[in-house]
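Written out below as structure tokens is the structure these notes cover.
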Amino acid sequence: MTRTQRGRTANGAERGRTLLLIRHARDRSATDTRHLSTIGRLQSYVASCVLRRRAYDAVQPIRFLASPEPRAQQTARILFGRKSIITDERLREIRGYRPGPPRTRSASSNELVECWRGFTRRISGFVSEFEAGFGSTVGVTHRGVFDAVLEIVTHAATPAELDPRHLGVLHLEYRPGNKSGAWLLRSCR
């Protein structure tokens, strides 16, 4: 069966592709490298059992991605086990980190700072690649990426903000040509 046949419904319409974004587990935010804490490793192990039972069967991901940040890489290794994980720079958190919602973050003059508009352009490239047909994808990323993806897929005129807890999940389905809208936000049960 070809990729095109697998990607179509019985009436020839394109089948939806799933984008499952997972926020990294709890980290040791007091350190510079921000590796997972003991609680974060435990969260990841528990979540891996749940994801294997539910999400992987339903999503059948083609790609497993992770931000290059240590906390996201560690979460991905625990969640995805031996599956091949692709590091995607676009999934990195907005540069110039300060506590608070990502779009309000600022940095001192000696840090590399990324404005919200530049950040959403970076994330938009990731979303556009997904829409172009790269198949279902599961990625481990950060809070700011959740907000940017929501703004991009909903074409929000005002900022969208999601407050995912550590290991929060954003489950989107891309359904090109669907009369109800190309993007469907699915609940994660």
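List pairs: first in the range 140-157 and among the hydroxyl-bearing types (Ser, Thr, Tyr), second in a helix (DSSP H, G or I) and buried (at least 22 other Cβ atoms within 10 Å of the Cβ), Cβ under 7 Å, 6+ apart or cross-chain?
So the pair list comes out as 141/72; 141/91.
Can we say residue 175 is charged (D, E, K, R), modelled with pLDDT of 85 or more and farther than 17 Å from residue 87 by Cα?
Yes.
If we keep just the residues of the range 66-118 that are buried (at least 21 other Cβ atoms within 10 Å of the Cβ) and of a type in the set (Ser, Thr, Tyr), which is modelled with the highest pLDDT?
If we take residues in the range 66-118 being buried (at least 21 other Cβ atoms within 10 Å of the Cβ) and of a type in the set (Ser, Thr, Tyr), then 67 is modelled with the highest pLDDT.
Within the range 131-152, which residues are of a type outside the set (Asp, Glu), outside any loop (DSSP other than H, G, I, E, B) and surrounded by fewer than 21 Cβ atoms within 10 Å (Cβ to Cβ)?
If the condition is that a residue be of a type outside the set (Asp, Glu), outside any loop (DSSP other than H, G, I, E, B) and surrounded by fewer than 21 Cβ atoms within 10 Å (Cβ to Cβ), then 143, 150, 152 are the ones that fit.
Quick one: residue 42 ticks every box in (1) at pLDDT 85 or above; (2) over 20 Å from residue 146 (Cβ atoms); (3) touching a helix residue (DSSP H, G or I) at 6+ places or on another chain (Cβ under 7 Å) bar one, so which box is it?
(3)
Of the residues in the range 29-39, how many are modelled with pLDDT under 85 and of a type outside the set (Gly, Ala, Ser)?
The number of residues fulfilling the criteria is 4.
Hey, could you check the range 4-28 for residues that are β-branched (Val, Ile, Thr) and part of a strand (DSSP E or B) and say which is modelled with the lowest pLDDT?
Going residue by residue through the range 4-28, those that are β-branched (Val, Ile, Thr) are 4, 9, 18, 22.
Next, from what is left, pick out any that are part of a strand (DSSP E or B): 18, 22.
Numbers: 18: 86, 22: 89.
Here the residue is 18.
The values are calculated or read from the model by the stated rules, or taken from the named source; none is laboratory data. What you are looking at is a predicted structure, and each value in this text was computed from that prediction instead of being measured. All Cβ positions, glycine included, derive from the backbone under ideal geometry; neighbour counts span all protein chains shown.
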